[in-house]
Amino acid sequence: MSAQELRDKTPDQLRDRLADLKKESFNLRFQQASGALENTARMREVKRDTARVLTILNEKAAAAASDGTSANENSEA
């Protein structure tokens, strides 16, 4: 999933996606340990998708924090 597609999602949708990716990551690690993993490249994709989702969530949180800060500064002045 591309970063642009993720930016269009809400934070709740991103958290759901993150939970799904973590479950998939666990399952892939379990398959690797048992020798049943066929597509080893999928592990890399899941790790990168997880990082992508976390980055977008942090960007949205920072944007929300800066919006809240600027609103407080205007009301105090």
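Sort E24, E5, E38 so that the residue with the fewest other Cβ atoms within 10 Å of its own Cβ comes first and the one with the most comes last.
Numbers: E24 16, E5 10, E38 6.
Fewest-to-most ranking of E24, E5, E38: E38, E5, E24.
When the helix-only estimate is applied to the chain (DSSP H runs of n ≥ 4, each -39,500 (n - 2.57), divided by the residue count), what is the mean residue ellipticity at 222 nm, nearest 500 deg cm²/dmol? Show your work: numbers first, answer last.
On the way: 3 runs with 65 residues, N = 77.
Helix-only estimate at 222 nm: -29500 deg cm²/dmol.
Listing V46, V53 from the residue with the fewest other Cβ atoms within 10 Å to the one with the most, what is the order?
Working: V46 20, V53 24.
The fewest-first ordering by Cβ neighbours comes to V46, V53.
Over the stretch 3-59, calculate the relative contact order: mean separation of alpha carbon pairs under 8 Å at least 6 apart, over the residue count, as a percent. The partial results should precede the final answer.
On the way: 26 pairs, mean separation 31.2, N = 57.
Relative contact order of the stretch 3-59: 55 percent.
Report the net charge of residues surrounding R44, where surrounding means a beta-carbon distance below 15 angstrom and charges are Lys +1, Arg +1, Asp -1, Glu -1. Each step should come with its number before you reach the end.
Details: positive: R29, R42, K47, R48, R52; negative: E24, E38, E45, D49.
Once all neighbours under 15 Å are counted, the net charge is +1.
Go ahead and run the numbers for FRET between K60 and E38, Cβ-Cβ distance against an R0 of 30 Å, rounding to 0.05. Could you put the intermediate results ahead of the total?
Details: r = 35 Å, r/R0 = 1.17.
After rounding to 0.05, the efficiency reads 0.30.
If you plug each phi of the stretch 37-45 into the Karplus form 6.51 cos²θ - 1.76 cosθ + 1.60 with θ = phi - 60°, what whole-Hz ³J(HN,Hα) values come out, in order, with x for Gly and Pro?
6, 9, 9, 5, 5, 5, 4, 5, 4
Read the figures in this text as sums done on the coordinates, not as results from a lab. These figures come from a predicted structure and were not determined experimentally. Here Cβ is always computed from backbone atoms with ideal geometry, including for glycine, and neighbour counts include all displayed protein chains.
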